[in-house]
């Protein structure tokens, strides 16, 4: 299957600082990438849809000024958590949709990033 | 009503038995259905996808889809302890721009 690489796998930061998470599609071009957040024992919650070369589409309740998304190329999307607070501590996961495939629907996930804000 | 519903479990199944995981969805226009496995602390891993009514088999896994009943299931034959994980059901609409909607997951525990 397609490979999506996410970096870093875990990060600890101080409250008030910013953290950048990278999501790369390694062997395919992903015009669309997705960013999810998952709290313990809960399902994935879609935060935003990232489209290459255009502004991200944020889900209701997600602050676009706090979670900055940049999708500058067909293989890289970044999520920056600005002015992080302890309540932002969560598991952040990106996924990429394989465009141009027969069904153009499968989404493959990165390894996830465990963010802890202290 | 949630868009994609799953029993949270935990579902406990003896090793070697068949584990049956169920999922219902609310949008009749849904066209694509996925099962993901997620181990604790890890990201989801795609196991199966199904688009047409009926059964789709892949090794020990069988996905079953009934669009009339808006129901999709995953059967795991000869369950192994390594199958213990949370299984996420996901549904996508017809448009390529449609989002994939995830259920809350069912925790499966295979007891030796």
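What follows draws every value from the coordinates through simple rules; no lab data is involved. Predicted, not measured: the structure shown is a model, and the values here were computed from it. Cβ coordinates were reconstructed from backbone atoms using ideal geometry, including for glycine residues, and neighbour counts include every protein chain displayed.
Assorted remarks:
- Prolate/oblate/rounded label for chain A (Cα gyration tensor, a/c 1.5): prolate
- Measuring max minus min along each principal axis, the C-alpha atoms of region A:17-67 give extents of 31, 25, 24 Å (largest first).
- Across chain A, Cα pairs under 8 Å and at least six residues apart give a relative contact order of 36 percent.
- Working from Cα pairs under 8 Å separated by at least six residues, relative contact order for region B:17-68 is 24 percent.
- Counting every C-alpha pair in the protein assembly as shown, the share spaced more than 26 angstrom apart comes to 38%.
- Region B:29-84 shape via C-alpha gyration tensor axes, a/c threshold 1.5: oblate
- FRET E, pair residue A:68, residue A:3, Förster distance 41 Å, beta-carbon r, rounded to 0.05: 0.95
- Taking A:85, A:7 and counting other C-beta atoms within 10 Å, the order from fewest to most: A:85, A:7
- Computed FRET value (nearest 0.05) for residue B:57 with residue B:31, which takes r as the C-beta separation and R₀ as 25 Å: 0.75
- Once C-alpha pairs closer than 8 Å and six or more residues apart are averaged by separation and normalised to the residue number of chain B, the relative contact order reads 38 percent.
- Arranged from fewest to most other beta-carbon atoms within 10 Å of their beta carbon, B:62, A:116 become A:116, B:62.
- Each of A:92, B:39 has some number of other Cβ atoms within 10 Å of its Cβ, and from fewest to most they run B:39, A:92.
- FRET efficiency estimate (nearest 0.05) - Cβ-Cβ, residue B:45 to residue A:18, R0 35 angstrom: 0.70
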